[in-house]
Amino acid sequence: GFFILCFCFIFALRHYHVNKNAFKMLQIEIIWHKFKEQKLNRWQVTPNLAPIYFGSFSDGSPLDENLDENTKAYNNNLSYGVAVNYAVNKKIKIRTGVNAFTVDYNTNDIVFFQNSNARMMKNVEPTLQGSLIEIIPIKNLNTALFNKLETEQNDGVLNQKMGFIELPLELSYKVLDKKFGIEILGGMSTMFLNKNEVFLEADGMRMKLGEATNLNSVHFSTNLGLGLNYKFYKQFQARIEPTFKYQINTFSRDSENFKPYIIGIYSGISYSF
């Protein structure tokens, strides 16, 4: 009976040591996982370049109400800048950065002529040369008026060009976190006006008519996009982010129902650290 009791005691003692060692190994594994989580690369920098597609939800004219019904042609441009992301955790990032871009569009179906008493467009501050040019829609063409003025009428287009420095503030949520990743992006941007020009174009001629007087120096946009990324080497990712930006309060007054938006296809190589 004594030997059996000793055997049971030794067995229990060995079993206790085994469990104790297993518990220690579990503790070490938990600490290691926490250490790996702390090694999360929280910062990410991405120089980016994007084709910009500019448009409006309506055909109004912010230059002059007489041009509301004229057709508009929206031109494509480029945005360039740098994005900086901070990872709050494995799923959520705060995003900011700076971008510079220019957008422009043409107002078609106009005629122009020289007139010392020219009627100026409602929301354009003319240059000296522009103050001698009168712009009217073709639909308002009055041949008798031109004959009376004894002046030549010319067909052309108006081009309004606007440039901005953009400071975005967004959140991204990671939907898929593999070698190939998917994120949903949302937020807003603050836009600082740095270019404001109105041109007349006709037969290879390009003349600056003036500047728009109803553009806000600061306005905002609401942003929504999709982020696609591919991790090709350690801390480097190739990224492409189609993003829709609806512009708010771009104009201070008399935008005549002109509702601009931007679609940008942002791409670049990001570095995480």
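The values are calculated or read from the model by the stated rules, or taken from the named source; none is laboratory data. All values reported here derive from a predicted model rather than from experimental measurement. Note that each Cβ is placed from the backbone with ideal geometry, even for glycine, and that neighbours are counted across all protein chains shown. What goes into the accessible areas is simple: the full protein's heavy atoms, side chains included, and nothing from ligands, DNA or RNA. Shrake-Rupley method; radii C 1.70, N 1.55, O 1.52, S 1.80 Å.
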Next on the checklist: Filter segment 194-207 down to the residues that are touching a Gly at 6+ places or on another chain (Cβ under 7 Å), open to solvent by 30 Å² or more (accessible area, probe 1.4 Å) and among the aliphatic types (A, V, I, L, M) and list them by number.
Outcome noted: none
Item to check | Residue among 204, 264, 225 that is among the small types (Gly, Ala, Ser), free of Cβ contacts under 8 Å to residues at least 24 places away in the same chain and within 25 Å of residue 104 (Cα to Cα) | outcome: 204
Checklist entry - Of all residues in segment 66-83 being surrounded by 15 or more Cβ atoms within 10 Å (Cβ to Cβ) and farther than 15 Å from residue 101 by Cα, which is farthest from the chain's Cα centre (by Cα)? => result 66
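From the residues in segment 221-246 that are charged (D, E, K, R) and open to solvent by 60 Å² or more (accessible area, probe 1.4 Å), which one is farthest from residue 102 (Cα to Cα)?
234
Would you pick out the residues in segment 224-256 that are part of a loop (DSSP other than H, G, I, E, B), within 30 Å of residue 124 (Cβ to Cβ) and in contact with a strand residue (DSSP E or B) (Cβ under 9 Å, 6 or more places away or on another chain)?
249, 250, 252
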Next on the checklist: For segment 102-130, give me the residue count where each residue is at pLDDT 95 or above, more than 18 Å from residue 70 (Cα to Cα) and in contact with a helix residue (DSSP H, G or I) (Cβ under 6 Å, 6 or more places away or on another chain).
Outcome noted: 0
Next on the checklist: Restricting to segment 208-220, and then to whatever is over 14 Å from residue 125 (Cα atoms) and not aromatic (Phe, Trp, Tyr), can you tell me which residue is surrounded by the most Cβ atoms within 10 Å (Cβ to Cβ)?
Outcome noted: 219
Next on the checklist: For segment 85-107, give me each residue that is surrounded by 15 or more Cβ atoms within 10 Å (Cβ to Cβ) and touching a Lys or Arg at 6+ places or on another chain (Cβ under 9 Å).
Outcome noted: 85, 87, 93, 102, 103, 104, 105, 106, 107
Checklist entry - Are any of the residues in segment 202-223 over 23 Å from residue 57 (Cα atoms) and not in a strand (DSSP E or B)? => result yes
